[in-house]
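Bear in mind these aren't lab numbers, they're just calculated from the coordinates by the rules spelled out. Fair warning: this is a prediction, and the values are worked out from it, not measured in the lab. Counting neighbours? That spans all protein chains shown, and the Cβs are built from the backbone with ideal geometry, glycine included.
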Amino acid sequence: MSLPVTVQITRDVDPGAVTEVEDWVARGQSIVAGFPGYLGSGWVRAHEDSTVWHMLLRFSSEDTLRTWADSPQRQAWMAEFHSHVREFRHVKRTGIEGWFDTPQDDAEPDVVPPRWKQAIVIFTGFYPVSALANYIVGHAVPQAPFLVKILLVILLATPTMVYWVLPWTTRLYQPWLNRPRRTRRRPRRSRSRDAEGSPEG
């Protein structure tokens, strides 16, 4: 059984063509959505003025990813904006790795979702899957030893999470996961005694 593949692409975008590139990305997402094995995609910038865009593309296997990568549809789509978009990092990961992380070498610090958000997304998928797997195993083999039941639950829950539930939940929560963190500015305290004790403020 092939593992799902996540492709992480970092591109430098012409700041004068942001709107056009956003439309170009949306067209690409519409095109790739029609290919077999497509699990989801998205893009994020650390802040509105950033020219570095991090794009994620997920497929069910290496073969389905290769079909998209070699397709004439993709070649035509890529040729549309080659003068406005420069790709300078391309990372491919398999399995569960890469569902949340984005490349750090050229990224601003707010791109990667915090771990507590990742934990919530995994929990919202794992809890119902685990409950359903326990229910199925408990009714299918009620007399089985405890450790055997646990093994069967894991065998049911793990591929369900990796192939179906985790791709769906990360796509569902993507706007929330990629929301930039708010930075709080601490008020500066004056070191001057006159400033600290002045009634005039």
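Starting from 0.36 nm per residue, how many nanometres of slack lie between Arg115 and Phe35 once their C-alpha separation is accounted for?
Full extension from Arg115 to Phe35 adds 25.7 nm.
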- Item | Contour minus Cα-Cα distance for Asp14 and Glu62 (0.36 nm per residue) | 14.2 nm
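Give me the one-decimal Kirkwood hydrodynamic radius in Å for the stretch 113-180, with the sum taken over alpha-carbon pairs.
On the way: mean 1/r = 0.0765 Å⁻¹.
Answer for the stretch 113-180: a Kirkwood hydrodynamic radius of 13.1 Å.
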- Task: Taking amide H positions as placed in the peptide plane 1.01 Å from N, state which residues far from Ser61 in sequence (5 or more) or on other chains have amide H under 5 Å from it.
- Result: Val5
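Multiply the residue gap between Tyr127 and His82 by 0.36 nm, knock off their C-alpha separation, and tell me the result in nm, one decimal place.
Working: separation 45, 0.36 × 45 = 16.20 nm, distance 4.39 nm.
Contour length minus Cα-Cα distance gives 11.8 nm.
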- Per-pair calculated FRET efficiency, R0 = 22 Å: Trp176 and Asp23 via Cβ, rounded to 0.05: 0.40
